[in-house]
Amino acid sequence: MRDSAQVPTRDDSLVRIHDLAGRPRGLGFVADHHGTVVTSHEAVDGLPRLVLHAAGSDRSCVVATTAVTPLPALDLALVRTEGLGVDPLPVTARERIETGAYVRIAAGGWREARVLGTASVTYTATDRFHLLDGAMELAIGTAGRDALRLGGGAAGGPVLDARTGAVVGVLGTALQSGGRDAGFAVPLLPSACGPLAELLAENAATVPAYGADLNLAGVLELTATSVGQDGPPGTLAGCVGRVEAGGVAAVGAVAPVERASVAREFDAFIGSESAVLGLVGPPGSGRTTELAALAARRHRGPAPAPTLWLRGADLKDDDDSVADAARRALARAARIVAASTSSDPTALSDTTPEHLAHHSRTAGRPLLLLLDGPEEMPPLLAHRLTDWTKGTAGWLRETGARLVVACRAEYWEGAGEEFPQELLHGSPARPGEKNSRRTPPCVPLGDLTPSEAHQARVRYGIPEAALAAPDAGHPLTLRLLAEVRAALPDTSHPRLVRDDVLSAHLDLMCLRVAVRLAAENGLRGTAVRRLAAKVSGQVHEAARRSLGPGQGELDRTSFEAVFPWGPAPARLGGGTGWASAVLTEGLLVPAGNGYRFAHEELADWLQGMHLDLDEALQALVHRRRTHPDDAHPLPVPHHRIGPVVQALLLLARQHGTAQLACRMEELMHAVDADPHSWWAARLLAETLLRVPDATPYLDVLRLLADRIVALRHRGRPAPRDFHPDFWTALRLPDSDRFDLLRDLVRADGPPHETDSVPGDALPPTAGGRAPEPTAFIHTPFSPSSGTPRYLDATAHLLAAAPSAVQPHLTRWFDDDRPLPATPHATVARAAQALLYAHRNRALDELTETLVDSAHRRADELLAVLAEEEPSVICRAVDRWAHDERPARRVAAVAYGLRAAPHVHTEADRELLRYASLALLARPGDCSLHGGALALLVRDPRTRARHLPQALALFADGDPHFPPGALVAALATHPEPVLDAFRERLRHPDPGHALRTLADVTTPGLALRAAALVREAVQRQPEIAADVAAYVDRRLDQGATARAVLFPLVTGLLDGGTEQVRAALAAVLATSGSPESRPLRREFREFLLDHERAPAVLDAFLHATVQRGDRVDDDLRGLVHHTGLLLVRTPDGAARFDRGLVDLGRRVPGFAARVAGWLTDAPQDWAAVVGPSSRRMIENLAGARVPA
């Protein structure tokens, strides 16, 4: 039996084709919004120009053959037209038309026909014959057959499916198949190729079809209708905001500022294999706005994609998955679409989400479901959340659809865990922060960035100084303030905070409702103001009633009791229209079977005013169940935390910070008693983050920091709410914040795998060794790295504002408390490392900060910068040299000398030159002239002029003139420089000068320097230790130093004083660097061959054992040889025995080694080690030694 449901057909969907003489040639239909007409080839064949008429109007156009794309092999032609104003018809999406299907054709009026099947036909064009396979054979009545005769004007007319109204073919009157008395049509199938394929693809994407011919355009129209119906007003237009009566957009309906980071995450999600994205942020952060912006981008983009809007309040108790809500939304959208086309909704046939998802997936544009506010789902469904989430995940996998959930963090912490992790997009993050409480993967949403907030203020017309800094980037605050300012455009006001804006917005909405009620009930003047006060009272009553069981909404009964639909009671002043006025103004909106406040943050703020805080804290935090069988109320959903936080904030505003501080201490003790108490920890964290100034709560914060450190040291985890970014987000002065972080870094876990291993020292510098900064180079947190570190949070702050943070880190330099998880590290060294690792962000400011601190660790870091960043130090030296503060000028000399050896550019040398000249120009800084001259002598351009003065100071022993500054001058002025060194060596403490001479490696100059050394030691034997240091330094230069050292060392060993020989013996006994060992061995053998003085040999023995790192055989041989030399005299034998015993006591393991030598070869040691020494060795080694 035939179904009677048919899509109506109209002549105004046809295009009539004539030749220039006005003779009819055929029909056609428009297939796209560009005016492309599809017709039969026979209708245009042989005509140089065509005249096309819109059948439903008097519009027409003339086209030339250049506008015609002939397809004779298909008996089709495509004609490009302009100005006809005919709506396009959809083309079937099916690959074949079933035999027996009913169609409607335009042949002398709209007639019904039936598809008999397919046939091969011949089309006779003016130039040749064309064989067409698969033409549709149509059964039609006698009158219809007459209309299908050649030249009858029906050629090119569309063949419409009787149920869907989609074009399934094009009539051809010149198609012949033997002697069959039937009509034929060319099918339009998606498998076509060439220009026809492009046109059909455009038709499928832009002209909606439903039922069996559902196409992408139909999917897009249904989902767009859903967004327009269920989404915020203005979504598809790209503007989200309140809409006035009559559909006029209000001030809030401006184009939202695009948040680039969120848009990138959405794009990445659509292109990924993930199926679920959590858009997680606090109320007022713009979750709904971002969903609307996403829907608008997908709707208006170059390749529109289907997006379906769902609301948590529209979910039902018995839903098995999100598909049930999607099915209801699509059913509503289908009814609206059917009504707009004056057709039966059943004609749209299958509009299930599965069917739409399949079409979308086939088109490469997956269906996206936007679920806004899932917290509003019914309580019964919330208790079945695990099953609902499991069903949703399975449905998404089966259909290929995607889901974006916009919710609060408290909801996502539980709901996100229910989804399989492989389906989730994003990384674990806390909303608005970089690190997290380890919530499931999501896209966090917080306040606008500074640039985004500025752009939003410009669009809303809000002055830059209108809002206090903490709220200047809050999306909802900006939007509500714009509405208030639009209502009072010329009213000045002080800088506002969020509470001020919420209060003003509430007053404005109550006044608007009152005005609407007054207009309906004939009130004016002061009566309107009194009515506004009554409206405000009812709004507060609605907020109070919303605190009952549920998700913060009003059920219908409560709503009607507060805002009557009919006549209002006398206490409200009578009148009618309260409910409609409140809903029309958008103060409350429908939500499932009830109503809720339009803005969630406004709802929390209002409800917090009416919450019994003591009872709430008792129920949520302090109540303990005494017995498992005792009655216990159902748990309050975590996402209902908002009113409680607002009540705590209200306590501080109304009764002072001291009252709130007491509540914070109570919550702190609750956390201490039970670290797993979610409500205590979250209420404490959220309240401290929301207070305008956390300074009054420093005692609580210090106590909290101490507890975290103590918990970590005991190996127990701290509450996740107090993660590192909690401390960086607190509204505190930086000094207090960094004092807290200084304590908290001791709670950090081990460095991440990509961090460097902590070390004990910086690379050697001219000023000594400093703690290794690279040991703490910051590595950003990633989920695989473990728990976020407080040191990383400090590094983020330093990277964001280096100039402001650097001074606070230098105050950590006095803190030598260890970091338990990082061996050899302290708080002070961590500060050094952070400043070093992030030095490039503000190098000049860092030098000023370090020199200001005047701390040993700052000096160490400046020494490293002098080596690695000499240009920066040169700029600082130039500044300091011209500074009026004496300490700065002292620093200029000190760090100029440190940087000078590492300077390689003329610009840096010029800075040092000008700085030195500026110092010399100050007679009062005579103590600094030595250093200034040292810098000028290093500079080839100023050396000759200032060398005499410099040499005079050096020769006189100026302690501020470093001998190393003269090394370069040796090459250009050897005689006066060597004379100055000779004179300097006559003064006390010549060690630095001798070490400098050791750095002279030019052969000729090195020999002369060695002669100076020999001359000095002969004159002053007391400098033997400094001469030995000179020899040691030269030995480390390897075999190249032999020509200089051999005559000097052998001469001193052969003819030097005993003091000198002893000092040299101690140097030659050490192993030294690998390059120096052959030369040391040669000199050591010379020493043992020629030396007989017991004091010298005793010094050699001690140095051999204490500072040598030789293998056992080498050490045994040297000790035995030295003993044989010493026992030649009674004094020497006594020295050897005392030396062995003394070394056995002081050098770990030496006594055991000697005991082993005596046991292995007693006869070799019998003449060397005395009996008393043997007994002492036995006692020290704990082993018997044979006599």
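The values are calculated or read from the model by the stated rules, or taken from the named source; none is laboratory data. Predicted model, so just to flag it, every value in this text is computed and none were measured. With ideal geometry, Cβ positions are generated from the backbone for all residues, glycine too; neighbour counts draw on all protein chains shown.
For the stretch 127-142, enumerate the residues that are hydrophobic (A, V, I, L, M, F, W, C) and farther than 18 Å from L116 by Cβ.
Of everything in the stretch 127-142, those that are hydrophobic (A, V, I, L, M, F, W, C) and farther than 18 Å from L116 by Cβ turn out to be F129, L131.
On the given criteria, is G552 over 21 Å from D499 (Cβ atoms), outside any helix (DSSP H, G or I) and outside the structural domain of P282 (by TED's automatic domain parsing)?
Taking the combined requirement at face value, the residue does not satisfy it.
Assess whether I105 counts as being assigned to a strand (DSSP E or B), in the same structural domain as Q176 (by TED's automatic domain parsing), touching a Gly at 6+ places or on another chain (Cβ under 9 Å) and under 24 Å from L214 (Cα atoms).
yes
So which residues in the stretch 1055-1077 are of a type outside the set (A, V, I, L, M, F, W, C), modelled with pLDDT of 90 or more and either closer than 16 Å to L994 by Cβ or in a helix (DSSP H, G or I) (or both)?
Within the stretch 1055-1077, E1058, Q1059, R1061 meet the criteria.
So that you can scan it fast, the table gives a plain yes or no per residue for (1) buried (at least 21 other Cβ atoms within 10 Å of the Cβ); (2) under 28 Å from E906 (Cα atoms):
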{"site": "L933", "(1), (2)": "yes, yes"}
{"site": "R941", "(1), (2)": "no, yes"}
{"site": "L951", "(1), (2)": "yes, yes"}
{"site": "A969", "(1), (2)": "no, yes"}
{"site": "E983", "(1), (2)": "no, no"}
{"site": "A1011", "(1), (2)": "no, no"}
{"site": "D1026", "(1), (2)": "yes, no"}
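Any residue that is of a type outside the set (A, V, I, L, M, F, W, C), under 21 Å from A793 (Cβ atoms) and outside any helix (DSSP H, G or I) - is there at least one of those in the stretch 631-642?
No, that holds for no residue.
Name the pairs whose Cβ atoms lie under 9 Å apart, with the first residue in the stretch 43-61 and farther than 17 Å from A106 by Cβ, the second of a type in the set (V, I, T) and part of a loop (DSSP other than H, G, I, E, B), and 6 or more positions between them or separate chains?
Cβ pairs passing all conditions: D45/T126; G46/T126; R59/V86; C61/T81.
Pairs, please: C-beta under 7 Å, at least 6 apart or cross-chain, first residue within 13 Å of V1000 (Cα to Cα) and in the stretch 1033-1057, second among the β-branched types (V, I, T)?
Partner pairs satisfying both residue conditions: R1034/V1044; Q1037/T1001; L1045/V1031.
Would you mind listing the helices (runs of 4 or more DSSP H) fully within the stretch 886-952 where at least 3 residues are closer than 24 Å to L850 by Cα and of a type in the set (D, E, K, R)?
886-899, 906-920
Identify, please: which residue in the stretch 42-93 is part of a loop (DSSP other than H, G, I, E, B), of a type in the set (S, T, N, Q) and modelled with pLDDT of 90 or more and is, among those, nearest to the chain's Cα centre (by Cα)?
T92
Does the stretch 428-451 contain at least one residue that is of a type in the set (S, T, Y) and at pLDDT 90 or above?
Looking through the stretch 428-451, at least one residue is of a type in the set (S, T, Y) and at pLDDT 90 or above.
Name the residues in the stretch 662-676 that are in a helix (DSSP H, G or I), in contact (Cβ under 8 Å) with a residue 12 or more places away in the chain and either over 18 Å from D612 (Cα atoms) or outside the structural domain of R707 (by TED's automatic domain parsing) (or both), would you?
E665, M668, A670, V671, D672
Looking at (1) at pLDDT below 90; (2) surrounded by 16 or more Cβ atoms within 10 Å (Cβ to Cβ); (3) assigned to a helix (DSSP H, G or I), which is the only condition D1113 fails?
(2) is the only condition that D1113 fails.
Suppose the filter is in contact with a strand residue (DSSP E or B) (Cβ under 8 Å, 6 or more places away or on another chain) and hydroxyl-bearing (S, T, Y); does T477 pass it?
yes
I need the full set of residues from the stretch 745-780 which are over 23 Å from the mean Cα position of the chain (by Cα) and modelled with pLDDT of 50 or more, in order please.
Within the stretch 745-780, R746, A747 meet the criteria.
Collect the residues in the stretch 136-152 that are farther than 16 Å from I97 by Cβ, of a type outside the set (G, A, S) and not in a loop (DSSP other than H, G, I, E, B), keeping them in residue-number order.
T142, R145, D146
For the stretch 170-191, give me each residue that is without any contact (Cβ under 8 Å) to a residue 60 or more places away in the chain and crowded, with 18+ Cβ neighbours inside 10 Å.
none
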